[in-house]
Amino acid sequence: MPRLRLATRGSPLARWQAEWVGRRLGIEVELVIVETTGDRRQDVSLTAIGGQGVFVKEVQAAVLEGRADAAVHSAKDLPSVTAPGLWLAAVGERDDPRDALVGSTLEGLPTGARVATGSVRRRAQLANLRPDLTFAELRGNIATRLAKAEAHDAIVMAAAALRRLGMAERITEAIDPELVVPQVGQGAIAVECRVDDAAVHEVMAAVDDLPTRRAVTAERAFLATLGSGCSLPVGAYATAAGPGEGLSLLAVILSADGRICLRHREGGTDPEALGRSAGDHLLVASGGAEVLQMNEEPVGE
């Protein structure tokens, strides 16, 4: 096929991910750089500008409008339901899914330490583990966030992002996902194409990693069941339970302040059914619906 056009954000990490897809395909690719709402609005929190989809909508539009053949995303940025007209053509092999502390270990943080993160999920889980911590907002590309590390006791980032950019040495501690459950899809690269573009869909089979796709499918099904996105403090992480034993999914719903933390682990062989079942359990049996409603209620400044 002719040179493949890949739509991507313009950050160094996003470019790396798109170029990685090109290397896996072994064909010439052209990067179509797109600026997203999340890139433009770095003066406010992700929650304030909508949270879900703020880093992907314009990239998806480039594909839907025919300016690109496929869109490359961090899987964790995708809404839980694929946009009309698009197909999740590939989920690349997962890198390190953990959250990483830069500047201090969790245990090494002094009482009342100031930790910077732009993620309500990370903030809520860290507050649950260490109620004494205080938090600051953190936005910008990887280099920008790292440059702000010295102004805080620690910052929190995705370990995979630092590894991909050759900055793994900046990681002070990669936090066990049993302690801080990752964002849905964290560490994986996702590729979308138009639903009617059979040629691109076929080509992307070289990128697709079945174990990662199954895990991310279960996590996304959990998120879809909640009807929420990355703007709320929820996380899910699926792993292979063992050879021929299906998946094990660990899921969590928290109050924004971290005082309430509902966790559920479940196993199954059907990723979609597993994710939905885990979501239903946390929403109904564990009272997660009330917690999510609490998070959505307006609060004073």
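See the values below:
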quantity: Environment charge at SER104 (Cβ cut-off 14 Å; Lys +1, Arg +1, Asp -1, Glu -1); calculated: -3
quantity: Extension gain from GLU28 to GLU93, taking 0.36 nm per residue of separation minus the Cα-Cα distance; calculated: 21.3 nm
quantity: Solvent-accessible area, 1.4 Å probe, carbon plus sulfur percent, for the chain; calculated: 50
quantity: Pairs of alpha carbons in region 99-180 whose separation is greater than 20 Å (percent); calculated: 21
quantity: Exposure of TRP87 as accessible area (Å², to 10), given a probe of 1.4 Å and all protein chains; calculated: 120
quantity: Solvent-accessible area per residue for the chain (1.4 angstrom probe, square angstrom); calculated: 43
quantity: Sorted peptide list for 131-138, 288-295, criterion being average Cβ within 10 angstrom, highest first; calculated: 288-295, 131-138
quantity: The chain: antiparallel DSSP beta bridges as a percent of all, rounded to 5; calculated: 70
quantity: Helix-only mean residue ellipticity at 222 nm for the chain, each DSSP H run of n ≥ 4 adding -39500 (n - 2.57), per residue, nearest 500; calculated: -8500 deg cm²/dmol
quantity: Bridge type composition, region 44-196 - antiparallel percent by DSSP, nearest 5; calculated: 75
quantity: Helix 12-25 vs. the chain, principal-axis angle (Cα, 0 to 90°, nearest 10); calculated: 40
quantity: Over region 74-115: Kirkwood hydrodynamic radius from C-alpha pairwise inverse distances, Å; calculated: 14.2
quantity: Accessible-area value, LYS148, 1.4 Å probe, nucleic acids and ligands omitted, Å²; calculated: 80
quantity: Share of alpha-carbon pairs per 5 Å distance bin for region 156-195, given as whole %; calculated: 6, 18, 26, 20, 15, 7, 5, 3, 1
quantity: Which labelled figure in (i) 63, 46, 34; (ii) 48, 44, 41; (iii) 58, 42, 38 is Cα extents along the principal axes in Å, once derived from the coordinates; calculated: (iii)
quantity: Largest to smallest accessible area among ASP270, ASP95 [probe 1.4 Å]; calculated: ASP270, ASP95
quantity: Residue-count net charge about ARG276 - beta-carbon cut-off 12 Å; Lys, Arg +1, Asp, Glu -1; calculated: -4
quantity: Sequence ranges 116-124, 254-262, ranked by mean other-Cβ count within 10 angstrom, highest first; calculated: 116-124, 254-262
quantity: Charge sum, other residues only, whose C-beta stays under 15 Å from HIS264's C-beta, Lys/Arg counted +1 and Asp/Glu -1; calculated: -1
quantity: Region 166-277, Cα convex hull volume normalised per residue, Å³; calculated: 159
quantity: Largest-first ordering by accessible area, 1.4 Å probe, given options HIS152, HIS281; calculated: HIS281, HIS152
quantity: Extended-chain gain in nm, criterion 0.36 nm per residue less alpha-carbon gap, ARG163 and ALA136; calculated: 7.3 nm
quantity: Stretch gain in nm, segment GLU202-LYS57, where the contour uses 0.36 nm per residue and the Cα spacing is subtracted; calculated: 49.8 nm
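The values are calculated or read from the model by the stated rules, or taken from the named source; none is laboratory data. This structure is a prediction, so every number in the text was calculated from the model and none was measured. Note: ideal-geometry Cβ built from the backbone for every residue, glycine included; neighbour counts use all protein chains shown. For the accessible areas, the whole protein counts, side chains as well, though only heavy atoms, and no ligand, DNA or RNA atoms are used. Shrake-Rupley method; radii C 1.70, N 1.55, O 1.52, S 1.80 Å.
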